[in-house]
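Take a look at the structure set out below.
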Number of protein chains: 2
Amino acid sequence: MRIALHYKNIDYEYRPIHLVKDGGEQRKEDYLSVNPKGEVPYFIDGDLKLSQSMAILSYIDEKWPQNPLFPDDRGLRSRCIQLSEIINSGIQPLQNLRVMQEVVKRFGCSDQEKKNWSSFWIEEGLSVLERELGLFKGPFSMGKDLTCVDLYLIPQIYNAKRFGIDLKRFPRLVDINDSCLKLDPFIKADPKNQPDSPSDL
Amino acid sequence: MRIALHYKNIDYEYRPIHLVKDGGEQRKEDYLSVNPKGEVPYFIDGDLKLSQSMAILSYIDEKWPQNPLFPDDRGLRSRCIQLSEIINSGIQPLQNLRVMQEVVKRFGCSDQEKKNWSSFWIEEGLSVLERELGLFKGPFSMGKDLTCVDLYLIPQIYNAKRFGIDLKRFPRLVDINDSCLKLDPFIKADPKNQPDSPSDL
């Protein structure tokens, strides 16, 4: 979401929410008074309040059409949604903090088992993407132009690295990551360049 | 997906894939020759092959614009995606067969624990939807017109019932379910009305 806002040169106010500190700021009254469900990311534009990254990105793309995130062609646009969803609904929900906490609570697994669980879903999803994105030639996920897929892929690769996943098996994804990380919107949106970045990132 | 095709009166050929029989038909060579990833649902239109329900529904809605699945208004359209994603990425990935099998394999949990895991995510998601859809008045999720949200909600409620979840806590969702199940596209798409329906459904 940060990447999209930078890519489209949209001014925004950033309110960092720390998911771990003090049991999670997303569960504190301050944040819940704005967003009763306590989810992140959360996007506010006038009266409109949105959660769910696909909804937020679609809205941003329609309201600020410069530097489009989805291809014009109907078939390619649906492929763009498909490839984004491989991360959004295929990887992310299975490896996020909340689900990992629930796995530990219910099944009392070790830190290693918890890590294995998340790594399994990340590696499986990235394998699918390595094959799928190999069908497109060019610096970005779907070829010569940046799309929504890149906006999902780069943070997911960042996350894969944090889990210690060996990216050698994913040369196409590594190439795309390298291309994107040279671009201004990705540099500005990098977690370590945020005002709330913890020093250990 | 079946509901959308019926709602828009689109002729289609239905190829049932049994996810459990013989270790899962989605893993057999016959199906993998069509769809190497072995996922369902899978949609083919000419050269275009799509997985991921959000991609398939967006494509169907753009190619066959009669009986639209998304509101015209930009804000409402993004809300429609958000509410659909609460099921698509917030519930479905955490309670599907594949994830349940992995939970059992890794953590050796009992049938009851497996059921509790799925029920937890379903109930949590339905609670959010009960509150969200209470903001709209009318027979359907977003008010007077059927939308994509209903296409996600009705199968999810069907699934919740299979898990034995008490729906009394979700009166708004039950009302929407009742309204939808009176409509032809939902009757035709009902699992028990499919050619491959097992007799125990």
The simple spin-label model distance between B:L48 and B:L19, using points 7 Å out along Cα→Cβ, in nm, is 2.5
Ignore the peptide's own chain and count Cβ atoms of other chains within 10 Å of each Cβ in A:83-90; give me the average, rounded. 5
I need the inter-copy label distances for B:R98: point set 7 Å along Cα to C-beta, values in nm with one decimal, smallest first. 2.1
Once the label point is set 7 Å along the Cα-to-beta-carbon vector, what list of distances in nm do you get between A:D178 and its counterparts in the other copies? 6.2
Value of [θ]222 nm, deg cm²/dmol, for chain B, DSSP H segments ≥ 4, -39500 (n - 2.57) each, nearest 500: -15500 deg cm²/dmol
For B:D45, inter-copy label distances in nm, listed shortest first [label point 7 Å out on the Cα-Cβ vector]: 2.6
Under a crude label model (7 Å from the Cα following the beta-carbon direction), how far is A:N96 from B:Q101 in nanometres? 2.5
What residues have an amide H closer than 5 Å to that of A:L69, excluding those fewer than 5 places away on the same chain, when H is modeled at 1.01 Å from N in the peptide plane? none
What is the sum of charges around A:F120, taking Lys and Arg as +1, Asp and Glu as -1, for the other residues whose C-beta is under 13 Å from the C-beta of A:F120? +1
Alpha-carbon centroids, the range A:38-106 and the range B:111-142: separation in whole Å: 20
Let me know the mean shielding of A:180-186 by other chains, meaning the per-residue number of their Cβ atoms within 10 Å of its Cβ. 0
Find out how many positive minus negative residues lie around B:V104, taking Lys and Arg as positive, Asp and Glu as negative, among other residues whose Cβ is under 15 Å from that of B:V104. +2
Under 5 Å between amide H atoms, partner at least 5 residues away or on a different chain: which partners does A:I10 have, H built in plane at 1.01 Å? none
Accessible area per residue in Å² at 1.4 Å probe, computed on chain A: 50
Give A:K114/B:K21; A:K49/B:K144; A:K49/B:K137; A:K105/B:K105; A:K115/A:K161 a once-over and call out the pairs whose C-alpha atoms are over 23 Å from each other. A:K114/B:K21
Ignoring ligands, DNA and RNA and using a 1.4 Å probe, state the total buried accessible area between B and A in Å², rounded to the nearest 100. 3800
In whole percent, how big is the carbon plus sulfur part of the accessible area of the range B:1-152, probe 1.4 Å, protein atoms only? 50
Assign unit charges at the C-beta atoms only (+1 for Lys and Arg, -1 for Asp and Glu), then state the dipole size of chain A relative to its Cα centre in Debye, rounded to the nearest 20. 380
Per residue of A:104-113, how many C-beta atoms from partner chains lie within 10 Å of its own C-beta, taken as a mean? 2
Is any helix in chain A, taking whole DSSP H runs, at least 24 angstrom long along its axis by alpha carbon and on average at least -1.0 on the Kyte-Doolittle scale, and which ones? A:111-133
Treating the beta-carbon of each Lys and Arg as +1 and of each Asp and Glu as -1, no other charges, what is the dipole magnitude of the range B:74-188 about its Cα centre, to the nearest 20 debye? 140
Taking the dipole of the range A:68-201 about the Cα centre (Lys, Arg +1; Asp, Glu -1; charges at Cβ), the one of A:A160, A:N177, A:P139 that reaches farthest to the positive side is A:A160
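The values are calculated or read from the model by the stated rules, or taken from the named source; none is laboratory data. Computed from a predicted structure; not experimentally measured. No Cβ is skipped: glycine too gets one built from the backbone with ideal geometry, and neighbour counts run over all protein chains shown. With ligands, DNA and RNA removed, areas are computed over all heavy atoms of the protein, side chains included. Shrake-Rupley method; radii C 1.70, N 1.55, O 1.52, S 1.80 Å.
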